[in-house]
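Enquirer: Can you keep this structure in mind? I'll have questions shortly.
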Amino acid sequence: MIPLTDTAPVKSFSWMNWAIIGLNICVYLLQASLTESQLVELMQFFGVVPIQFSETLGTGSYEQLPILGLSLLSSQFLHGGLGHLIGNMWTLYIFGDNIEDRMGSWRYLLFYLICGALAGVIHIFFNIDSAIPTIGASGAISGVMGAYMVLYPRSKIVFLIPWIIPIVYVPSFIYLSFWFFGQFISGSRQILTEPTEGGIAFWAHIGGFIAGILIHWLFVGKKSRGYLHEYPYYRKL
């Protein structure tokens, strides 16, 4: 199933969402221009490396924490490959415009970054001894998806199923609930089998999604808090 779009309309142009997408693309182009050794150094410095946090806290060298804390933000704009970038940015394109429309551009940016940082913290907690850098926008995007599930429960996600059914409409609440359940199952298996090996940071996804659900209301303007009946949730494409 390939998600194409959603059925929840927006009232204004989501320039911040496009700016985030554009920045991620620009950073990836910078990554592509680096040598392999330079790229490794970049990932080590700007990615989230859980063992660096645990060792710093264990030794009491708290002066390093601000620098490490910045990696919770910088890691959100790095990607491990073109497929990683496209998948994340396409998902952000589908869900981010509606959340920006509800929150306003600058509150949306703050919400996005906080969800990404909290996702990184949860990833560190479940991978405390890992020396592998964690990168990607998926933790922040998971927060956007969590907020979307609450704010647009009756919206529908439009999917393309090649060679079977051209277009399928799936209620966002159902799709995102199943997505979260899948992440939780995969994250649990990861803990039991290969907690320090590379791969998908499922617990970052889980943490970002829960963060989006829990804190989104802090960023929604007062005029938009009666949201359940504010927008038409169905639209013919």
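The values are calculated or read from the model by the stated rules, or taken from the named source; none is laboratory data. Model, not experiment: these values are computed from the prediction. In this analysis, Cβ positions are derived from the backbone assuming ideal geometry, glycine residues included, and neighbour counts consider all displayed protein chains.
Enquirer: Considering only residues that are outside any helix (DSSP H, G or I) and loosely packed, with under 11 Cβ neighbours inside 10 Å, look in region 195-231 and name the one that is modelled with the highest pLDDT. Before you say what the answer is, go through the steps one by one.
Expert: Pass one, region 195-231, residues outside any helix (DSSP H, G or I): 195-201, 219-221, 225-226, 230-231.
So of that shortlist, the ones also loosely packed, with under 11 Cβ neighbours inside 10 Å come out as 197, 199, 221, 226.
Details: GLU197: 54, GLY199: 80, GLY221: 69, GLY226: 45.
Ranking the qualifying residues of region 195-231, first place goes to GLY199.
Enquirer: Now for a different question. Against the conditions (1) assigned to a helix (DSSP H, G or I); (2) touching a strand residue (DSSP E or B) at 6+ places or on another chain (Cβ under 8 Å), where does ALA147 fall short? Just the number, please.
Expert: That leaves (2) as the condition not met.
Enquirer: How do the pairs read when you match residues in region 73-93 that are within 21 Å of VAL158 (Cα to Cα) and in contact (Cβ under 8 Å) with a residue 40 or more places away in the chain with residues anywhere that are outside any helix (DSSP H, G or I) and aliphatic (A, V, I, L, M), using Cβ under 8 Å and keeping only pairs 6 or more apart or on different chains?
Expert: ASN88/ALA137; MET89/ALA137; LEU92/ALA137
Enquirer: Right, another one. Every residue in region 15-70 that is among the aromatic types (Phe, Trp, Tyr) and within 20 Å of VAL121 (Cβ to Cβ), please. Let's see the steps before the verdict.
Expert: Pass one, region 15-70, residues among the aromatic types (Phe, Trp, Tyr): 15, 18, 28, 45-46, 53, 62.
Those that are among the aromatic types (Phe, Trp, Tyr) and within 20 Å of VAL121 (Cβ to Cβ): PHE45, PHE46, PHE53, TYR62.
For every residue, the table says whether it meets (1) modelled with pLDDT of 95 or more; (2) surrounded by 15 or more Cβ atoms within 10 Å (Cβ to Cβ); (3) outside any loop (DSSP other than H, G, I, E, B).
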| position | (1), (2), (3) |
| --- | --- |
| MET16 | yes, yes, yes |
| ALA19 | yes, no, yes |
| LEU23 | yes, no, yes |
| VAL27 | yes, yes, yes |
| GLN44 | no, no, yes |
| ILE51 | no, yes, yes |
| PRO66 | no, no, yes |
| ILE86 | yes, no, yes |
| PHE95 | yes, yes, yes |
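Enquirer: Same structure, new question: Take region 153-203 and flag every residue that is of a type in the set (Val, Ile, Thr) and more than 19 Å from ILE2 (Cβ to Cβ).
Expert: Just the residues of region 153-203 that are of a type in the set (Val, Ile, Thr), to begin with: 157-158, 161, 164-165, 167-168, 170, 174, 185, 191, 193, 196, 200.
Residues satisfying the conditions are ILE185, ILE191, THR193, THR196.
Enquirer: Which residue, of TYR112, TYR148, TYR93, TYR152, is aromatic (Phe, Trp, Tyr) and more than 17 Å from the chain's Cα centre (by Cα)? Show your work before the answer.
Expert: Numbers: TYR112 fails: more than 17 Å from the chain's Cα centre (by Cα); TYR148 fails: more than 17 Å from the chain's Cα centre (by Cα); TYR93 fails: more than 17 Å from the chain's Cα centre (by Cα).
Criteria check complete, one pass: TYR152.
Enquirer: Out of PHE126, PHE178, PHE159, I need the residue that is surrounded by fewer than 24 Cβ atoms within 10 Å (Cβ to Cβ) and without any contact (Cβ under 8 Å) to a residue 40 or more places away in the chain. Which one?
Expert: Values: PHE126 fails: without any contact (Cβ under 8 Å) to a residue 40 or more places away in the chain; PHE159 fails: without any contact (Cβ under 8 Å) to a residue 40 or more places away in the chain.
Result of the check over PHE126, PHE178, PHE159: PHE178.
Enquirer: Only one residue in SER130, SER142 is touching a helix residue (DSSP H, G or I) at 6+ places or on another chain (Cβ under 7 Å), among the hydroxyl-bearing types (Ser, Thr, Tyr) and assigned to a helix (DSSP H, G or I). Which one?
Expert: SER142
Enquirer: Here is a list of conditions, (1) out of contact with any Pro (no Cβ under 6 Å at 6 or more places or on another chain); (2) surrounded by 15 or more Cβ atoms within 10 Å (Cβ to Cβ), and GLY58 meets all of them except one; can you say which number that is?
Expert: It is condition (2) that GLY58 fails.
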